[in-house]
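> Quick one: the structure is below, questions incoming.
The values are calculated or read from the model by the stated rules, or taken from the named source; none is laboratory data. Note that the coordinates shown come from a computational prediction; the quantities given were computed from them, not determined experimentally. Note that each Cβ is placed from the backbone with ideal geometry, even for glycine, and that neighbours are counted across all protein chains shown. Surface areas here come from the heavy atoms of the whole protein model, side chains and all, with no ligands, DNA or RNA. Shrake-Rupley method; radii C 1.70, N 1.55, O 1.52, S 1.80 Å.
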Amino acid sequence: MASSLPSSSSWHSMVLVAMLVVVVVDQMAMAYMYDDIEIVWGDDHSFFYMDDAGDDEILALCLDQTHGSGFHSKEAYLYARFDVDLMLVPDNSAGTVTTLYLMPEDVPWDYHDEVDLEFLGNVTGEPYTLHTNIFANGVGNREEQFRLWFDPAAGFHTYSIDWNPKRITILVDGVPIRSFRNKEEHGVPFPTWQKMRLHGSLWNADDWATQGGRVKTDWSEAPFFAHYRNLRVSWCQPPPGVAWCGDEPPGSTWFDRGLDAAALRRARDAHMIYDYCKDVQRYRWSGLPKECVVE
C-alpha cells in the first residue's frame, strides 16, 4: 500500500523545521572574527571582508606611513590553545612586522608574561624571518628564529600557540617548531597565573626588523596589508578527575600527549636559524640561561 502524502499543514511544518535546522547548523559552522576580537588601535587602518566564496570573514590590518593597526581577543584565557590563519604582506615587506602574541592586561611590565610570534618582513625575493620570544615574570630574551618552508605571503597558513601548565608550544600548520617547558622547580619562571589575550598587529619597525635595520621600509609600496581569519580558541582540558589544568600534578604526563617530539626535532633541525640557548658568545660572561642547561 502506498504511503499517503502529508497534509498541507503538516508539509508546511516540515519545511519550517528543515529551515530552522539549516539556520542552526549554519550559525554553528560560521564563527566570525568580528564576534571574537576588537580593534584596539588604528581602527581607521583595519576592515573586515568576506572571501570570494563568501565562506570566511577576514580581518585586514593596514600599515602606511602614518601608522598601522592592531587587535586583541575579547576574552582573556589562562591555559588555552590559540589557532589563527594568517597571510602576510607580499613582495617588498622590508621594515614591516606582522605579529601574533599573548599578553595580559593591567600587569606591571616588570612582572608581565608574553608569548611572541613576530614575522619580520624582507625585500622582494628574500624570505620572512619568524622571530619568537617568551617572557615570564618580566624576563624575556628567549629568542628563537625560523625560516618557514613556504611563502607565508602567498596564502593563508595556520599559526598556533598551545599553552598549558607544563609547556608552551608554537606550531605552524600543525608542525611544532618550539616548545618551552615549565622548569619552575629549577627556579626558571613560567607563565602560570596571568590571564592573557591573543593580540595581532601590523606595524613599522625598520630600525631593526630587516637585516638589523639596514633595509628600511619603502613607503612607495604602501599601503601594506596582513590578513587574519578563523580564530579558534580551545580551553585547556584537564584529565578526568582533575578540576582544571592548573591542578594537574607536576609529574603527570597528561600534557605530553599532544606533542610530536620527532616532528619538533625535524622542524628545528631544518628551519631554525637562531637559538639563544646556543649563543655562547652572547652569554660568554654570564653563562647560558638556566633553562638552557637544566633538564
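> Please verify whether segment 214-222 includes one or more residues that are within 30 Å of Asp52 (Cβ to Cβ), assigned to a helix (DSSP H, G or I), open to solvent by 50 Å² or more (accessible area, probe 1.4 Å) and in contact (Cβ under 8 Å) with a residue 12 or more places away in the chain. Don't jump to the end; show me each part of the working.
From segment 214-222, those within 30 Å of Asp52 (Cβ to Cβ) are 217-222; that's our starting set.
From what is left, the residues that are assigned to a helix (DSSP H, G or I) are 219-221.
Within this subset, residues satisfying the condition of being open to solvent by 50 Å² or more (accessible area, probe 1.4 Å) are 219-221.
Right, trim to in contact (Cβ under 8 Å) with a residue 12 or more places away in the chain and you get 219, 221.
Scanning segment 214-222, I find at least one residue that is within 30 Å of Asp52 (Cβ to Cβ), assigned to a helix (DSSP H, G or I), open to solvent by 50 Å² or more (accessible area, probe 1.4 Å) and in contact (Cβ under 8 Å) with a residue 12 or more places away in the chain, so the answer is yes.
> Something else: Within segment 31-38, is even one residue of a type in the set (A, V, I, L, M), modelled with pLDDT of 55 or more and in a helix (DSSP H, G or I)? Write out each step before concluding.
So in segment 31-38, the residues of a type in the set (A, V, I, L, M) come out as 31, 33, 37.
Restricting the remaining residues to those that are modelled with pLDDT of 55 or more gives 31, 33, 37.
Then drop every residue that is not in a helix (DSSP H, G or I), which leaves 33.
Yes, segment 31-38 contains a residue that is of a type in the set (A, V, I, L, M), modelled with pLDDT of 55 or more and in a helix (DSSP H, G or I).
> Return yes when Ala243 is at pLDDT below 95 and loosely packed, with under 13 Cβ neighbours inside 10 Å and no when it is not.
Numbers: at pLDDT below 95: yes; loosely packed, with under 13 Cβ neighbours inside 10 Å: yes.
Taking the combined requirement at face value, the residue satisfies it.
> Condition check: in contact with a Pro (Cβ under 7 Å, 6 or more places away or on another chain) and at pLDDT 95 or above. Does Asp64 satisfy that?
yes
> Another question about this same structure. I'd like to know if segment 8-17 contains one or more residues that are assigned to a helix (DSSP H, G or I), under 21 Å from Ser160 (Cα atoms) and at pLDDT below 95.
First pass over segment 8-17, keeping only residues assigned to a helix (DSSP H, G or I): 8-17.
Then drop every residue that is not under 21 Å from Ser160 (Cα atoms), which leaves none.
No: segment 8-17 contains no residue that is assigned to a helix (DSSP H, G or I), under 21 Å from Ser160 (Cα atoms) and at pLDDT below 95.
> Restricting attention to segment 90-115, which residues are in contact with a Leu (Cβ under 8 Å, 6 or more places away or on another chain) and among the charged types (D, E, K, R)? Before you say what the answer is, go through the steps one by one.
Here is the first cut: in segment 90-115, the residues in contact with a Leu (Cβ under 8 Å, 6 or more places away or on another chain) are 96-102, 113-115.
Scanning segment 90-115 gives Asp113, Glu114.
> Oh, and also: Every residue in segment 260-283 that is of a type outside the set (Gly, Ala, Ser), closer than 22 Å to Arg81 by Cα and open to solvent by less than 40 Å² (accessible area, probe 1.4 Å), please.
Leu264
> Output the residue which, of all residues in segment 223-240 that are over 19 Å from Ser69 (Cβ atoms) and either open to solvent by 70 Å² or more (accessible area, probe 1.4 Å) or aromatic (Phe, Trp, Tyr) (or both), is farthest from the chain's Cα centre (by Cα).
Pro240
> Looking at segment 133-142 only, could you name the residues that are assigned to a loop (DSSP other than H, G, I, E, B) and crowded, with 19+ Cβ neighbours inside 10 Å? I'd like the intermediate steps shown before the answer.
The first filter runs over segment 133-142 and keeps only residues assigned to a loop (DSSP other than H, G, I, E, B), leaving 137-138, 140-142.
Passing the criteria: only Arg142.
> Moving on to the next point. So, Gln145, is that one on the phi < 0 side of the Ramachandran plot, open to solvent by 10 Å² or more (accessible area, probe 1.4 Å), of a type outside the set (D, E, K, R) and out of contact with any helix residue (DSSP H, G or I) (no Cβ under 8 Å at 6 or more places or on another chain) or not? Quick ask: steps written out before the conclusion?
Working: on the phi < 0 side of the Ramachandran plot: yes; open to solvent by 10 Å² or more (accessible area, probe 1.4 Å): yes; of a type outside the set (D, E, K, R): yes; out of contact with any helix residue (DSSP H, G or I) (no Cβ under 8 Å at 6 or more places or on another chain): yes.
Spelling it out, Gln145 is indeed on the phi < 0 side of the Ramachandran plot, open to solvent by 10 Å² or more (accessible area, probe 1.4 Å), of a type outside the set (D, E, K, R) and out of contact with any helix residue (DSSP H, G or I) (no Cβ under 8 Å at 6 or more places or on another chain).
> Would you please name the residue that is most open to solvent (accessible area, probe 1.4 Å), looking only at residues in segment 68-82 that are more than 17 Å from Gly258 (Cβ to Cβ) and in a loop (DSSP other than H, G, I, E, B)?
Glu75
> Okay, next question. Exactly one condition in (1) part of a loop (DSSP other than H, G, I, E, B); (2) more than 24 Å from the chain's Cα centre (by Cα); (3) without any contact (Cβ under 8 Å) to a residue 24 or more places away in the chain; (4) at negative phi is false for Trp208; which is it?
Unmet for Trp208, out of (1) part of a loop (DSSP other than H, G, I, E, B); (2) more than 24 Å from the chain's Cα centre (by Cα); (3) without any contact (Cβ under 8 Å) to a residue 24 or more places away in the chain; (4) at negative phi: (2).
> Looking at Ala94, Ala136, which one is closer than 15 Å to Phe224 by Cα and of a type in the set (Gly, Ala, Ser)? Explain how you work it out, then say what you get.
Values: Ala136 fails: closer than 15 Å to Phe224 by Cα.
Checking each option against the conditions leaves just Ala94.
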